[in-house]
Amino acid sequence: MRLVVAAIYLVSLIGPAICQTSTPPAQASISEQIRIDSFQSHRRDDNYGIASFVISNTTDKELNSVELTCWVNDDHAHGTKVLVWPSSRSIPAHDHQQFSNVNIGLVGSSARAECEVTGSD
């Protein structure tokens, strides 16, 4: 009888271990895989923001275009979508490219503009 109880006890310990599956490693967000570095912006006289930055592609695929969301003074809700294309055909995997004179939308007179990558092709 003790043998049966011991066997049932062991099966009850092993059962949950057999049913467990490992969780896949967390995948990095797009803004971590495709980064904006060296971001600088200034305001034109008409209150539009002009930015220069470097797009760093740490993914394993080339990028034909990059979608940014840009906002002013921490107001993410009123951000502007900006689509940029590389000056060459694409940004190769694990490479970077400089972008200059990018219109990031209306920023107003006393603005601190920021952008993040929100998509790519």
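Applying a threshold of 6 Å to beta carbon distances and a minimum spacing of six or more residues, or different chains, the list of pairs starting in segment 91-118 at a residue that is touching a residue at least 40 places away in the same chain (Cβ under 8 Å) and ending at one that is in a loop (DSSP other than H, G, I, E, B) and crowded, with 17+ Cβ neighbours inside 10 Å reads GLN97/PRO86; ALA113/VAL107. Considering segment 70-121, and only residues there that are of a type in the set (Ser, Thr, Tyr) and open to solvent by 20 Å² or more (accessible area, probe 1.4 Å), the residue that is nearest to ASP37 (Cα to Cα) turns out to be SER100. The number of residues in segment 36-73 being without any contact (Cβ under 8 Å) to a residue 12 or more places away in the chain and charged (D, E, K, R) comes to 3.
Where strands (runs of 3 or more DSSP E) fall entirely within segment 33-101, those with at least 3 residues that are farther than 14 Å from THR118 by Cα are at 34-43, 48-57.
The values are calculated or read from the model by the stated rules, or taken from the named source; none is laboratory data. Here the structure is a predicted model, which means the values were calculated and not measured. Ideal geometry is used to build each Cβ from the backbone, glycine not excepted, and the neighbour counts take in all protein chains shown. Surface areas here come from the heavy atoms of the whole protein model, side chains and all, with no ligands, DNA or RNA. Shrake-Rupley method; radii C 1.70, N 1.55, O 1.52, S 1.80 Å.
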